[in-house]
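Enquirer: Input: one structure, supplied below.
The values are calculated or read from the model by the stated rules, or taken from the named source; none is laboratory data. For clarity, every value in this text was computed on a predicted model and none was experimentally measured. Cβ: placed from backbone, ideal geometry, glycine included. Neighbour counts: every protein chain shown.
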Amino acid sequence: MEKFLQLIHLKPRSLFGIALIGLFLLFNPYSLIAIFGLVDAVNEYRSIIGIITLISIVFFIIQLFPWINTKYSISQYNKQILNNIDSLSKDESYMLLLCIRSNSKSLSLPLSHSTANLLASKGIMNKASGTGNMTAWPYTVSDIIWNKIKKNENILPHIISNKELKQYEGNMYDPLYN
């Protein structure tokens, strides 16, 4: 029983390999199997090879469903984050444009910075965990957003001039502003 439980916990690639070898042994002509000198072993243990192959295929398929579900969930989450770009306020767009124009994914801002916290709650920026201090906490643009915006800066809804961006950058660190 313990050996059977170990089979269940094999990695999918191992199960796939076992199934592939089993299928090769069961369904290839004897002339091909004879090259490897396995004709007698295959004839004697055909039923055991078949059962192991079938079990491997079933467990491989069973382990495939959670993987597909995880990939689908990640894809849906990424779509949701990308849809959040369309609903950004002017201040949020400014902050992302500052990152893009300085070619830096990170900004150090006060931990209580309202715009940075809004972006973090939308999944657009991430707060670093356990690093920094109250007045300079690192916020990082998520990879999916960074790549999307780098490909097309015009995706941000509020196109602003360099003068406005400089003015915002000066106000961004002002505790009375945020």
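Enquirer: Might you let me know whether region 29-39 holds any residue that is modelled with pLDDT of 90 or more, surrounded by fewer than 10 Cβ atoms within 10 Å (Cβ to Cβ) and either under 30 Å from ALA120 (Cβ atoms) or over 32 Å from the mean Cα position of the chain (by Cα) (or both)?
Expert: No - not one qualifying residue is present in region 29-39.
Enquirer: Moving on to the next point. Give just the number: which of (1) crowded, with 17+ Cβ neighbours inside 10 Å; (2) in contact with a Lys or Arg (Cβ under 9 Å, 6 or more places away or on another chain) does SER87 not satisfy?
Expert: Going through (1) crowded, with 17+ Cβ neighbours inside 10 Å; (2) in contact with a Lys or Arg (Cβ under 9 Å, 6 or more places away or on another chain) one by one, SER87 breaks only (1).
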